[in-house]
């Protein structure tokens, strides 16, 4: 028990406090002070005159106290008045009295006393006495006097330093790299009853294993061993072994004859005694009633009797924290858990406080910060309406849509309470969107190369919000060995509704291919529902109209020469797609289907309508985590017009990096007498790839096949195949591709090797 020390002044204060309490009078304030001259505590202030103090009975009578004091004689009084002698005088008096006593009774005490009065000597030299009569302290083998201590030190250059010689050479084992092994004992007793491999968990985090059995010195091994002992304790506790005992030690193997000390084998040993595993004996959730009543219980994945595993506990709490906001409770908070353990039984009582907050419904939308667009456009992006029950998944969806616009440096969407009743014991919440607009302008560039197509460079400048909200203007330029062009695009994203895009395009291009030469102008309008790298959609569509004016050359079989003609084409576009893959840029599983129909016709002379049809199907199958099989099929047809009535640029071609690798660009299909391709009215292609990825790199083996036909329906005959290998470098915006291929059954005029470099997978 800690003693309670109370000073005299405090006791006085307590007495006054008791008296004041009895008489209902405030006690005087007692402040002890110290007189500097007398070094005595000043007397306390006297009580006020009006204070009435209770009578205090004496413990003993004064007469009895006086009788108990012995009388003091004259000799005693003289002794008390004598000055106090010094310690040296006291010691000499004691020695003299002892000598006198020894002389009287003839004992040896006199000689001993005489010897004690002589100063001490060292090797016959007397040790001088100090000022108070005591001898100087002897240090080592020689006395040191005050004069020697006060003497100045010699100069450093005259100080003779002799190296210390050791009986044995100093061992340098602590400065030599050591090898060691790790031995863990007893962990299997815990492994047998857990769902995880504790040895693997320990091995992944261990400092000893991380050192690969090498250390600079023994101290480093000991430090790693100590850290791993604490790590093992934490791992076992995370699996419910709270009473585990972990001991560590370093074992040195026997040293063979002639073996150096530092070369003895070292083993870092961790001995584990898991002890009992604690289990949940009771689960208590302290929360107000919810709607539905069992909302928390049905979504809390813990049960009585299961082991107390940290990962399971944290996962269950996270599940509640996520589920309540999805069911109308935006302000729900999970409190600090409490687990009461019973060491005798191994039981644990788990208690979790949950504040569910007010059940809420969506209200209005407000914006703040550096705005890219106003709250009205945010409502276009939101998939919820006023009065809908609050759902955090809809808030996450809105946040994703805001990020997908590409207009923000940072953006956040958070519910704010309003206190406004929404009926049904709910209240409205306002969604506060905090915007920080990012730089609106972007410059981009890309480059590629393909055999038969040559080098292609493309650059663009974009103002992403020139016409708010989300009105982007893009200028684009293409510079290549066989294609040059410029164009401008005005794009309105989320135009009037979520994910709808309105696009106006104008461009001029010049093409110089083996199949045709052309100078083309194009204007078009398109409405689409497309995927983006951030927002991938399962279903997509597009429709639009375009007007094309182009001057192109074509081979005239009647005259046996190439001649130019001018084409004016008005066309419509319709496209639908289904995407069930896991990634837009680099899919590893799932499939895609895209179908395109383009009714169009020539305005030169009489109107000649026709339709271009095309379907692409691709699929992806993961064989392992690092190997993916990918396949593609394309079928196309033009109906309603003869090939000679079609502008060469509107016909089908095959061959090249995005078609059949191993052949030049547009090389397959019918050819003129000069062996130049002239295109056809139907096409079919097939491709198969085996993709192997390791880290940010990959290797691809592939086989492509295809053919172009004069008829409007593909016959799937006379297919040409190419095979090759490719390399991939994976970046955050998609893989960079380098493919090299060769035609199978090469014919005269066809290149032995074709090379393709671009961004993105082949399909």
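Determine which member of the set 445, 413 is without any contact (Cβ under 8 Å) to a residue 24 or more places away in the chain and farther than 30 Å from residue 511 by Cα. Break it down stepwise before answering.
Numbers: 445 fails: farther than 30 Å from residue 511 by Cα.
413 is the lone residue from the list that is without any contact (Cβ under 8 Å) to a residue 24 or more places away in the chain and farther than 30 Å from residue 511 by Cα.
What about residue 674, is it touching a residue at least 24 places away in the same chain (Cβ under 8 Å), surrounded by fewer than 20 Cβ atoms within 10 Å (Cβ to Cβ) and either under 30 Å from residue 589 (Cβ atoms) or out of contact with any strand residue (DSSP E or B) (no Cβ under 7 Å at 6 or more places or on another chain) (or both)? Reasoning before the result, please.
Values: touching a residue at least 24 places away in the same chain (Cβ under 8 Å): yes; surrounded by fewer than 20 Cβ atoms within 10 Å (Cβ to Cβ): yes; either under 30 Å from residue 589 (Cβ atoms) or out of contact with any strand residue (DSSP E or B) (no Cβ under 7 Å at 6 or more places or on another chain) (or both): yes.
Yes; evaluated as a whole, the condition is true for this residue.
Here are some residues: 397, 424. Which one is at positive phi and at pLDDT below 95?
424
The conditions are (1) within 25 Å of residue 375 (Cβ to Cβ); (2) surrounded by fewer than 17 Cβ atoms within 10 Å (Cβ to Cβ); (3) out of contact with any helix residue (DSSP H, G or I) (no Cβ under 9 Å at 6 or more places or on another chain), and residue 497 fails exactly one of them. Which is it?
With (1) within 25 Å of residue 375 (Cβ to Cβ); (2) surrounded by fewer than 17 Cβ atoms within 10 Å (Cβ to Cβ); (3) out of contact with any helix residue (DSSP H, G or I) (no Cβ under 9 Å at 6 or more places or on another chain) applied to residue 497, the lone miss is (3).
Which condition number in (1) surrounded by fewer than 15 Cβ atoms within 10 Å (Cβ to Cβ); (2) within 23 Å of residue 759 (Cβ to Cβ) is the one that residue 577 fails?
(1)
Specify which of the listed residues (301, 293) is part of a loop (DSSP other than H, G, I, E, B), surrounded by fewer than 18 Cβ atoms within 10 Å (Cβ to Cβ), over 33 Å from the mean Cα position of the chain (by Cα) and modelled with pLDDT under 95.
293
Would you call residue 345 more than 28 Å from the chain's Cα centre (by Cα) and either outside any loop (DSSP other than H, G, I, E, B) or under 19 Å from residue 416 (Cβ atoms) (or both)?
Values: more than 28 Å from the chain's Cα centre (by Cα): yes; either outside any loop (DSSP other than H, G, I, E, B) or under 19 Å from residue 416 (Cβ atoms) (or both): no.
Against the criterion (more than 28 Å from the chain's Cα centre (by Cα) and either outside any loop (DSSP other than H, G, I, E, B) or under 19 Å from residue 416 (Cβ atoms) (or both)), residue 345 does not qualify.
Is it the case that the stretch 356-376 has a residue that's without any contact (Cβ under 8 Å) to a residue 12 or more places away in the chain, more than 33 Å from the chain's Cα centre (by Cα) and assigned by TED's automatic domain parsing to the domain that holds residue 286?
Within the stretch 356-376, not a single residue is without any contact (Cβ under 8 Å) to a residue 12 or more places away in the chain, more than 33 Å from the chain's Cα centre (by Cα) and assigned by TED's automatic domain parsing to the domain that holds residue 286.
Go through the stretch 264-279 and report how many residues are surrounded by 18 or more Cβ atoms within 10 Å (Cβ to Cβ) and out of contact with any helix residue (DSSP H, G or I) (no Cβ under 9 Å at 6 or more places or on another chain).
1
Conditions (1) at pLDDT 95 or above; (2) surrounded by fewer than 18 Cβ atoms within 10 Å (Cβ to Cβ); (3) touching a helix residue (DSSP H, G or I) at 6+ places or on another chain (Cβ under 7 Å), marked per residue:
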{"residue": "508", "(1), (2), (3)": "yes, yes, no"}
{"residue": "519", "(1), (2), (3)": "yes, yes, no"}
{"residue": "527", "(1), (2), (3)": "yes, yes, no"}
{"residue": "535", "(1), (2), (3)": "no, yes, yes"}
{"residue": "539", "(1), (2), (3)": "no, yes, no"}
{"residue": "553", "(1), (2), (3)": "no, yes, no"}
{"residue": "560", "(1), (2), (3)": "no, yes, no"}
{"residue": "566", "(1), (2), (3)": "no, yes, no"}
{"residue": "586", "(1), (2), (3)": "no, no, no"}
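Would you mention how many residues in the stretch 324-342 are over 30 Å from residue 243 (Cα atoms) and either more than 29 Å from the chain's Cα centre (by Cα) or not assigned by TED's automatic domain parsing to the domain that holds residue 290 (or both)? Reasoning before the result, please.
Here is the first cut: in the stretch 324-342, the ones over 30 Å from residue 243 (Cα atoms) are 324-333.
After this cut, where a residue has to be either more than 29 Å from the chain's Cα centre (by Cα) or not assigned by TED's automatic domain parsing to the domain that holds residue 290 (or both) as well, the list is 328.
Residues flagged as over 30 Å from residue 243 (Cα atoms) and either more than 29 Å from the chain's Cα centre (by Cα) or not assigned by TED's automatic domain parsing to the domain that holds residue 290 (or both) within the stretch 324-342 amount to 1.
With (1) closer than 20 Å to residue 530 by Cα; (2) in contact with a strand residue (DSSP E or B) (Cβ under 8 Å, 6 or more places away or on another chain) as the list, and residue 583 as the residue in question, which single condition is left unmet?
(2)
Suppose we filter the stretch 691-735 for residues that are part of a loop (DSSP other than H, G, I, E, B) and at negative phi; how many remain?
Applying the first criterion (part of a loop (DSSP other than H, G, I, E, B)) to the stretch 691-735 yields 695-696, 710-719, 732-733.
Then keep just the ones that are at negative phi; that gives 696, 710-715, 717, 719, 732-733.
Number satisfying all stated conditions: 11.
So residue 453 fits all but one of (1) surrounded by fewer than 19 Cβ atoms within 10 Å (Cβ to Cβ); (2) under 30 Å from residue 662 (Cα atoms); what number is the exception?
Every listed condition holds for residue 453 apart from (1).
Go through the residues of the stretch 691-703 one by one and say whether even a single one is closer than 22 Å to residue 650 by Cβ, buried (at least 22 other Cβ atoms within 10 Å of the Cβ) and at pLDDT 95 or above.
no
The values are calculated or read from the model by the stated rules, or taken from the named source; none is laboratory data. None of the values given here were measured: they were computed from a predicted structure. So basically every Cβ, Gly included, is an ideal-geometry build from the backbone, and we count neighbours across all protein chains shown.
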